[in-house]
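Okay, so here's the structure we're looking at.
The values are calculated or read from the model by the stated rules, or taken from the named source; none is laboratory data. Since the structure is predicted, the reported quantities are computational estimates derived from the model, not experimental observations. Don't worry about glycine lacking a Cβ; one is built from the backbone with ideal geometry, like all the others, and counts go over all protein chains shown. For accessibility, only protein heavy atoms count, side chains too; no ligands or nucleic acids. Shrake-Rupley method; radii C 1.70, N 1.55, O 1.52, S 1.80 Å.
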Amino acid sequence: MRFERREHRPLSLLIFTPVVAVIAALALAGILIAIAGAPVLDAYRRILTGAFGSRLSATETLTRATPLMLTGLAAAVAFRARLWNIGAEGQFYLGAIAVAAASSKLLGNLPAPILIPLLLLIGAVAGMVLILVPLWLRLRFSVDEVVTSLLLNFIAVLFVSMLIDGVLKDPLAFGWPQSQSVSDHAMLPKLLARSRLHIGFAIAIALAVVVHFVQSRTVFGMQSRAAGLNPAGAVFAGVPLGKTLVKVACLSGGLAGLAGAIEVMGVKGYVTTDLSPGFGYAGIVVAMLANLNPLGVVFAAIFTATMFVGADGMSRGLGIPTYIADVTVALSLLTMLIALFFTQYRIRR
Amino acid sequence: MTQLFDIIASAGLWAAILRIATPLIFGTLGALLCERAGVLNLGIEGIMTFGAMIGWLSVYHGADLWTGLLIAAIAGGVFGLLHAGLTVTLGLSQHVSGLGVTLFASSFSYYVFRLIVPLANTPPTIAPFQPIAIPGLSTLPFIGPAFFTQTAPTYLAMLIALLMAYIIFRTPVGLAIRMTGENPHAAEAQGVNPMKVRYGAVIIGSALMGMGGAFLTLSAFNSFFPTMVQGRGWICIALVVFASWRPGRALFGALLFAFFDAFQLRLQTVLSGLVPYQLFLMTPYILSIAALAVMARRARVPQALMQPYRRGER
């Protein structure tokens, strides 16, 4: 058995690939649900109604999808340039804590129309600062950024823990380590009344469109893709590799930092060390499921959020551990990898 | 100052160093073997988590400790087979496949654990490996209690490090592994099958990772809890670079790293209240990054690392 490179890839194949991958992942997770002794189809029905069965659950799912879209975009733009930013989790937390610090210590008195954009910018810059460390190590010492950006996640969470235990601790939190709250007028406006869905959802979708445009229509987008496809060739063709990677890194880290800022200003209002249930890591899967396409990220994020929100209800009803959501999402990354392979190769006997 | 000296002079510190180093030795050797054959295995964090879980679960359900360790090794090997299938046969990105294995293996561990052990206030425990005093050596002053009263897996880890150094540098199998990692095309021309070598290295390397995880639940602690691996896998990946892909240096690197870790734990109690404890917890990660920066340019990376090999395609 041999694999042969496909001459051309039909568009239908590229569109059906993620669908097939997700169905395969759901089938594999179904086996795990069946082993646990629960009815599989009923379990999936409960996940769907749990995520979209009511106005409340649907808005909750979209609220959960918002940070996933941003961390998914962060991973997608970096991976496309073969910049392995696995540090979105840490960048998320740094963006979040920067917003909490700036709002409670410095800028809390500014009027909302100035304050909100300023805080979002601060969150994005905090994420950029964190990713520049592994990038600098790569460019200066040629250290693979996978491990360094990943180790920085642990450092960032500990740093946040230190701040919310110390200078940023909320004295009104009964000794609980929790940051001071951002001022009320720094909170993002709601998108729908009587729900937690906030304007950050619209911002995330708008950014997906912008990133898509930048990647497909600008010189920077072309350079970042060239840097990923063939770094040596890109340099030969006159692409400034270092500069391009710095720009890609800033975009990626900025998006992840913004995800943290938006989660604080849109949902929680303050920072704890469990602000993110792994949004940074799930963003990697979201990006892969979308085949690194910024518009695809929107749908991949909604799928992932559906699994997470829906699994809660299913878990209560059927006694299946909620971790089944994480398992399904991780499985869909693996099935997507295999599916993508078959868009590029065909089996030849 | 005298307090610092007291810490370094205590046998407890040196005994702790070996205990802390053991999972790192297993993991680093496992990652090193994979990378020597040209495959980066970022699945390590998840494989260690699964090894910790399945080893504990087997013993909890009546298997003896050695069987638990063996089951963890086999489970690690199965994940290695998955990673090899994706990266060697299909030639997919080793970065992404490894991350996929990690995400899957860790969430699968939590799922299986929660399914079998329902939520309880106090986690159920097992009777872990007990320290073995080596006759004659354990009564030596100072180094006796430190180096010769460890649990069996610690001795095993050291033994494997020496064995692996011998195999890699002194045997035909080792030569085949190194050639495959440097230049699979040349290896093939010499009659070596690079695919088989890579499969073998990734499966055995991943089995070692599974054992490293199992050490945590079968020897260091007596129960399993989510996130207990705490980035040890990623530290192992950094240690491989620090060790310049040499098993002997991997052993040394893991011990050096464990020294700093054990030292900061004790320093923490001396300086409690003066310095936030989070700064101490950061040190292992900061040290790993520093080690990477120092060693990365000096180290000789296996030339074919992360390059998929396809016959007749370059």
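Pick out which of B:253, B:12, B:68 has the largest mean-square fluctuation in a Gaussian network model of chain B, springs linking Cα atoms closer than 10 Å.
It is B:12.
Any idea how far the Cα center of region A:149-178 sits from the one of region B:19-39, in Å?
Going from one Cα centre to the other spans 32 Å.
What are the ³J(HN,Hα) values, in whole Hz, obtained from phi via the Karplus relation 6.51 cos²θ - 1.76 cosθ + 1.60 with θ = phi - 60°, for each residue of region A:317-325 in sequence order, with x given for Gly and Pro?
x, 10, x, 8, x, 4, 4, 4, 5
Within 10 Å of each Cβ in A:327-336, how many Cβ atoms from other chains are there, averaged over the peptide?
Neighbouring Cβ atoms belonging to other protein chains average 5 per residue here.
Quick one: Debye curve from the alpha-carbon atoms of region A:123-198 only, equal weights, vacuum; give me log10 I(q)/I(0) at q = 0.12, 0.14, 0.16, 0.20 Å⁻¹ to two decimals.
Rounded to two decimals, the profile gives -0.57, -0.71, -0.83, -0.95.
List the residues, sorted by chain then number, that are 5 or more residues from residue B:132 or on another chain and whose placed amide H is less than 5 Å from its amide H.
B:150, B:151, B:152
Return one whole number: the accessible area per residue of region B:1-155 in Å², for a 1.4 Å probe.
36 Å²
Given R₀ = 41 Å, what would the calculated FRET efficiency be for residue A:341 paired with residue A:55, taking r from the Cβ atoms and rounding to 0.05? Working shown, then result.
Details: r = 41 Å, r/R0 = 0.99.
It comes out at approximately 0.50.
Using only protein heavy atoms and a 1.4 angstrom probe, determine the accessible area buried between A and B, summed over both sides, in Å² to the nearest 100.
Counting both chains, the buried surface is close to 4000 Å².
Can you give the FRET efficiency for residue B:142 and residue B:89, using 1/(1 + (r/R0)^6), R0 = 45 Å, r = Cβ-Cβ distance, to the nearest 0.05?
The pair residue B:142/residue B:89 has a calculated efficiency of 0.30.
What does the accessible area per residue of region B:171-314 come to in Å², with a 1.4 Å probe and no ligands, DNA or RNA counted?
Result: 43 Å² of accessible area for each residue.
Just grab the label-to-label distance for residue B:10 and residue A:169, each label 7 Å out from Cα along the Cβ direction, in nm (one decimal).
Output for this residue pair reads 2.6 nm.
Which of the peptides A:30-37, A:104-111, A:163-170, A:241-248 is most tightly packed, and how do the rest follow, judged by the mean count of other Cβ atoms within 10 Å per residue?
Output ranking for A:30-37, A:104-111, A:163-170, A:241-248: A:241-248, A:163-170, A:30-37, A:104-111.
If amide H atoms are built 1.01 Å from N in the plane of the peptide, which residues on other chains or at least 5 residues away come under 5 Å of the amide H of residue A:345?
HN-HN under 5 Å from residue A:345: A:6.
What is the protein assembly as shown by shape, rounded, prolate or oblate, if you read a ≥ b ≥ c off the alpha carbon gyration tensor as root eigenvalues and call it rounded for a/c under 1.5, prolate for a/b larger than b/c, and oblate otherwise? All intermediate terms of the calculation are to be shown ahead of the outcome.
On the way: a/c = 1.43, a/b = 1.18, b/c = 1.21.
Cα axes put the protein assembly as shown in the rounded bin.
Between residue B:270 and residue A:192, what is the spin-label point distance in nm, taking each point 7 Å from the Cα along the Cα→C-beta axis?
For residue B:270 paired with residue A:192, the spin-label model returns 5.9 nm.
When the accessible area of chain B is split by element with a 1.4 Å probe, what percent falls to carbon and sulfur? Present the calculation step by step, with values, prior to reporting the outcome.
On the way: 8740 of 12750 Å².
The computed percentage sits at 69.
Which whole-Hz couplings ³J(HN,Hα) result when phi for each residue of region B:77-84 is put into the Karplus expression 6.51 cos²θ - 1.76 cosθ + 1.60, θ = phi - 60°, listed in order with x for Gly and Pro?
Running phi through 6.51 cos²θ - 1.76 cosθ + 1.60 with θ = phi - 60° gives x, 5, 5, x, 4, 4, 5, 5 Hz.
Could you give the length gained on full extension between residue B:279 and residue B:169, defined as 0.36 nm per residue of separation minus the Cα-Cα distance, in nm?
Stretched fully, the residue B:279-residue B:169 segment lengthens by 35.6 nm.
Suppose all protein chains stay in the model; what accessible area per residue would a 1.4 Å probe give for chain A, in Å²? If you can, show how the numbers build up before the last one.
Working: 14750 Å² over 349 residues.
Per-residue accessible area for chain A comes out at 42 Å².
Scan around residue A:188 for amide H atoms under 5 Å from its own, H built in the peptide plane at 1.01 Å from N, and keep only partners 5 or more places away or cross-chain.
Answer set, sorted by chain and number: A:266.
Based on the Cβ-Cβ distance of residue A:140 and residue A:214, what FRET efficiency does E = 1/(1 + (r/R0)^6) give at R0 = 25 Å, to the nearest 0.05?
0.40
Roughly how much of residue B:74 is accessible, in Å² to the nearest 10, using a 1.4 Å probe?
Roughly 100 Å² of residue B:74 is accessible to a 1.4 Å probe.
Extending each Cα 7 Å along its Cβ direction at residue B:225 and residue B:132, get the distance between those two points in nm, one decimal.
Going by the 7 Å Cα→Cβ label model, 3.0 nm.
Where a ≥ b ≥ c are the square roots of the eigenvalues of the C-alpha gyration tensor, would you call region B:68-188 rounded, which needs a/c under 1.5, or, failing that, prolate if a/b is larger than b/c, or oblate?
Taking the square roots of the gyration eigenvalues as a ≥ b ≥ c, region B:68-188 is oblate.
Placing +1 at every Lys and Arg Cβ and -1 at every Asp and Glu Cβ, with all other atoms neutral, what dipole size does chain B have around its Cα centre, in debye to the nearest 20?
Around 700 debye, computed over chain B.
What whole number of Å gives the distance from the Cα centroid of region A:41-120 to the Cα centroid of region A:283-339?
For region A:283-339 versus region A:41-120, the Cα centre distance is 16 Å.
May I ask what percent, to the nearest 5, of DSSP beta bridges between residues of the protein assembly as shown are antiparallel?
90 percent
State the percentage of accessible surface on chain A attributable to carbon and sulfur atoms; use a 1.4 Å probe and exclude ligands, DNA and RNA.
Roughly 68 percent of what the probe reaches on chain A is carbon or sulfur.
Which residues of region A:104-138 show a drop of at least 10 Å² in accessible area when all protein chains are present, compared with their chain alone (probe radius 1.4 Å, heavy atoms only, ligands and nucleic acids excluded)?
When all protein chains are present, A:137 each give up 10 Å² or more of accessible surface.
Provide the per-residue ³J(HN,Hα) series for region B:124-137, in order, calculated from phi with Karplus coefficients 6.51, -1.76, 1.60 and θ = phi - 60°, each as a whole number of Hz, with x at glycine and proline positions.
x, 10, 10, 8, x, 3, 9, x, 10, 7, 6, x, x, 6
Assign one of three labels to region B:260-314, namely rounded, prolate or oblate, based on the Cα gyration tensor with a ≥ b ≥ c the square roots of its eigenvalues; rounded applies when a/c is under 1.5, prolate when it is not and a/b is larger than b/c, and oblate otherwise. Don't jump to the answer; show the numbers that get you there.
Working: a/c = 5.10, a/b = 3.73, b/c = 1.37.
It comes out prolate by the Cα gyration axes.
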